[in-house]
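For reference, the structure is listed below as structure tokens.
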Amino acid sequence: MAEDEKRAEDYRIDPWGTAVRIEYEKLFHYFGVKPFSELLPRVRQVFGEPLHLMRRGVIFGHRDYEKILDAYERGERVALVTGFMPSGKFHFGHKMVADQIIYYQRLGFEIFVVIADAEAYAVRKLDRKKVIEIGLYEYVANLIALGLEKNKHTHIYFQTNYETPYYRLIQMFSRKVTMAEMEAIYGKIEPSKVIAALTQAADILHPQLEHFGGFKHVVVPVGADQDPHLRLTRDIADRFEHELGLARPASTYHRFQTGLDGNKMSSSRPDYTIFLTDPPEVAVRKLKRALTGGRATVEEQRRLGGVPEKCTIYEFYVYHLIQDDRELARIYEDCRSGRLLCGEDKKYAAELLAKFLEEHQRRLEKAKDRVLDYVEPPPF
Ligand code: TRP
């Protein structure tokens, strides 16, 4: 098929796929996602300093984010909704979502964090006990250790253990979606996925209900693979505008962190993924083997310079390890010019990583005792 004949259906994104490689530009071209970079000046004006992930283009796309800026500026109520599938250990890819949750919490957003245990059970077919355990002691504990505060505007819940009106939404939503549109969005889909998708729509829309405090503007920060759920949810919101007063959510999309071998970062690829519970020496060992943008020989690298754009270590700096933009720019230049070689650079990254993990893991031990203050786990 010629490129210009292709339509959105030919670029279907599978939010449950394990090997998705998303071509981010397609999201702009076929699905109407807008570049986030255009909004940065307004973000700075309205929120103050943008999150590093915003400044550096890691958060690259959005839908309707202007509405969130407008609402915040006018002093209207704003909330964040996002979620985690508790299917494996918490890694640095998940930390990006945590950083965003905490950023918005500090701005005064109401926070809804969903532990998608129903989805993990039904779609991923994981054991209930395991999923609950991981939800509490990996996801909730790491969020607390990273700085999520407990306050009356912060709600963490398991999909299987929440309040009645939330479930009522899932049941009501089922009336106004067809199999044809589900298949257009998700491809061939079985009941578990239909329910997971409607449940996610309820996750995103329920904060607007009277029972949950009444109307508020909602933003959903997620990885780009979740956009199909947002398209469905926006359509559902339109169909329930009159009946329930629901409005479309805004959303932002971030790039995925690359695994240390240059492929996907995922719990199922532990050698190429750094977990926030990895002992520092284990994490450092993984990092020392990571793919860089280095050349074949030292001589060549001195002459041609390295390629930070292809380097998983540089990406680690951008996403996590370096806060100061000037320091980051310095490393970029030193690499490009051939002054900084990979060995020396990895040593520096390893120091930053080990220091982060040591401090984080001290907080994590204390956080584990507090998870039940934040969330009530399902009884079975
Ligand atoms: N489906 C998401 C995932 O795979 C988890 C999730 C469930 C979610 N409900 C949500 C994410 C609502 C954002 C908003 O990780």
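Residue count for segment 363-380 satisfying the condition of being touching a Lys or Arg at 6+ places or on another chain (Cβ under 9 Å) and either assigned by TED's automatic domain parsing to the domain that holds TYR162 or basic (Lys, Arg) (or both): 1.
Checking each residue in segment 224-255 for being within 12 Å of the ligand (Cβ to nearest atom) and part of a loop (DSSP other than H, G, I, E, B) picks out only PRO249. The set of residues in segment 95-114 that are within 15 Å of the ligand (Cβ to nearest atom) and either out of contact with any Leu (no Cβ under 8 Å at 6 or more places or on another chain) or outside the structural domain of HIS52 (by TED's automatic domain parsing) (or both) comprises VAL97, VAL114. Within segment 191-223, the set of residues being within 16 Å of the ligand (Cβ to nearest atom) and outside any helix (DSSP H, G or I) comprises LEU209, LYS216, HIS217, VAL218, VAL219, VAL220, PRO221, VAL222, GLY223. Looking at the structure I just gave you, is ASP14 more than 27 Å from SER87 (Cβ to Cβ), at pLDDT below 95 and out of contact with any strand residue (DSSP E or B) (no Cβ under 6 Å at 6 or more places or on another chain)? No: the conditions fail for ASP14.
Looking at ALA329, ALA283, ALA349, ALA290, which one is touching a Leu at 6+ places or on another chain (Cβ under 7 Å) and closer than 23 Å to ARG55 by Cβ?
ALA349
Among the residues of segment 168-190, those identified as under 25 Å from ALA250 (Cβ atoms) and either within 12 Å of the ligand (Cβ to nearest atom) or not charged (D, E, K, R) (or both) are LEU169, ILE170, MET172, PHE173, SER174, VAL177, MET182, ALA184, ILE185, TYR186. When residues in segment 98-121 are screened for being crowded, with 20+ Cβ neighbours inside 10 Å and either within 20 Å of ILE195 (Cβ to Cβ) or of a type in the set (Val, Ile, Thr) (or both), 12 of them pass. Of the helices (runs of 4 or more DSSP H) lying entirely inside segment 257-339, those carrying at least 2 residues that are touching a helix residue (DSSP H, G or I) at 6+ places or on another chain (Cβ under 8 Å) and within 30 Å of ASP225 (Cβ to Cβ) are 280-288, 312-316, 325-336. Scanning segment 141-149 for any residue that is among the charged types (D, E, K, R) and open to solvent by 20 Å² or more (accessible area, probe 1.4 Å) turns up at least one such residue.
Can you tell me which residue in segment 158-167 is least open to solvent (accessible area, probe 1.4 Å), limited to those that are in a helix (DSSP H, G or I) and within 16 Å of the ligand (Cβ to nearest atom)? Across segment 158-167, the extreme among qualifying residues is TYR166. With respect to the conditions (1) modelled with pLDDT of 95 or more; (2) out of contact with any strand residue (DSSP E or B) (no Cβ under 9 Å at 6 or more places or on another chain), LYS67 falls short on a single one, namely (2). Scanning segment 25-75 for residues that are assigned to a helix (DSSP H, G or I) and of a type in the set (D, E, K, R) yields GLU25, LYS26, GLU38, ARG42, ARG44, ARG55, GLU66, LYS67, ASP70, GLU73. Looking at GLU315, GLU309, GLU376, just one residue is of a type in the set (Asp, Glu) and buried (at least 16 other Cβ atoms within 10 Å of the Cβ), and that residue is GLU315. Scanning segment 180-201 for residues that are of a type in the set (Gly, Ala, Ser) and open to solvent by less than 20 Å² (accessible area, probe 1.4 Å) returns GLY187, ALA196, ALA197, ALA201.
The values are calculated or read from the model by the stated rules, or taken from the named source; none is laboratory data. Computed from a prediction, not measured in an experiment: that's the story for all the values here. Here Cβ is always computed from backbone atoms with ideal geometry, including for glycine, and neighbour counts include all displayed protein chains. Accessible surface areas use protein heavy atoms only, side chains included; no ligands, DNA or RNA. Shrake-Rupley method; radii C 1.70, N 1.55, O 1.52, S 1.80 Å.
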